[in-house]
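The values are calculated or read from the model by the stated rules, or taken from the named source; none is laboratory data. The structure displayed is predicted, hence computed values, not measured ones. When we count neighbours, we look across all protein chains shown, and the Cβ atoms used for this are built from the backbone with ideal geometry, even at glycine. Side chains included, ligands, DNA and RNA excluded: accessible areas come from the protein's heavy atoms. Shrake-Rupley method; radii C 1.70, N 1.55, O 1.52, S 1.80 Å.
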Amino acid sequence: MRNELDFSPMYRSSVGFDRVFKLLNNSQRLQAVDFWPHHDIVKTGEDEYRISMAVAGFDESDLDITQDRNFLVVKGSKAEDQQGEYLHRGIPARSFERRFELADHVWVEDASLASGLLTVSLRREIPDALRLRKIAIGSGSQDTVLQIDANRHTA
C-alpha cells in the first residue's frame, strides 16, 4: 500500500515551490534502490558539500562525472578482466550510474580519486541578484524608487 502526500494546501500559501513538491512526489515513487557503489554525503561548511564514493578497482579512465543543471551523474564502466578464472569475486566491478539531484546554484568544484575513493567537492554559490538586500522605506517620492533600483544594480 502506497500513501501519497497531498500538497494542495501548500499551493495556497507558497509560490515557486513546484519543483520541490515534484521532487517529494518522485521520491515516494522510488521502487528498487541500488545502494552500490557505497557513498557518503557530508556537509563540510555552510555552503560546501562532499560526496565520497567507494569505487575500488576503477581508474580515472573508467569513471565519468557530468553535471547537467541540477543533476550530478557519476558513471563507472570497467572492461572485463580476463586474466584468470575467478573462484570468488568479492570486489564488484560492474558498471554503475549514480545520480544526485542538486539544489539550485550548487556546482562541482573538483573531483579526485585516491585509494579507491572518489571524492567530489560541491559548493553552493548564490548569485548576488538573489541574495538578501535591505530596502529603505522612504516617503514614497520618486527619489526612494531610484534608490532601490540603484541598490539592486550594485548588489
Accessible area per residue, Å², the stretch 87-129 with all protein chains present, probe 1.4 Å
67 Å²
Backbone HN-Hα couplings from phi across the stretch 95-106 [Karplus 6.51/-1.76/1.60, Hz, Gly and Pro as x]
5, 8, 9, 10, 10, 10, 8, 9, 6, 4, 6, 9
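What is the extension gain from Ala56 to Ser77, computed as 0.36 nm multiplied by their sequence separation minus the C-alpha to C-alpha distance, in nm to one decimal?
The Ala56-Ser77 span can extend by a further 6.3 nm.
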Under 30 Å Cα to Cα from Lys75, which lysines show up? Leave out anything in the same chain fewer than 8 places away.
Lys22, Lys43
Over the stretch 31-141, what relative contact order in percent results from Cα pairs under 8 Å that are six or more residues apart?
27 percent
For His38 and Leu24, calculate 0.36 nm times their separation in residues minus their Cα-Cα distance, and state this gained length in nm to one decimal.
2.7 nm
Along the stretch 130-135, what does the Karplus equation 6.51 cos²θ - 1.76 cosθ + 1.60 (θ = phi - 60°) give for ³J(HN,Hα), rounded to whole Hz, x for Gly and Pro?
9, 6, 4, 9, 8, 10
Quick check for you: which residues of the stretch 110-141 have the amide N under 17 Å from the point 7 Å beyond the Cα of Glu48 toward its beta carbon?
110-112, 119-126
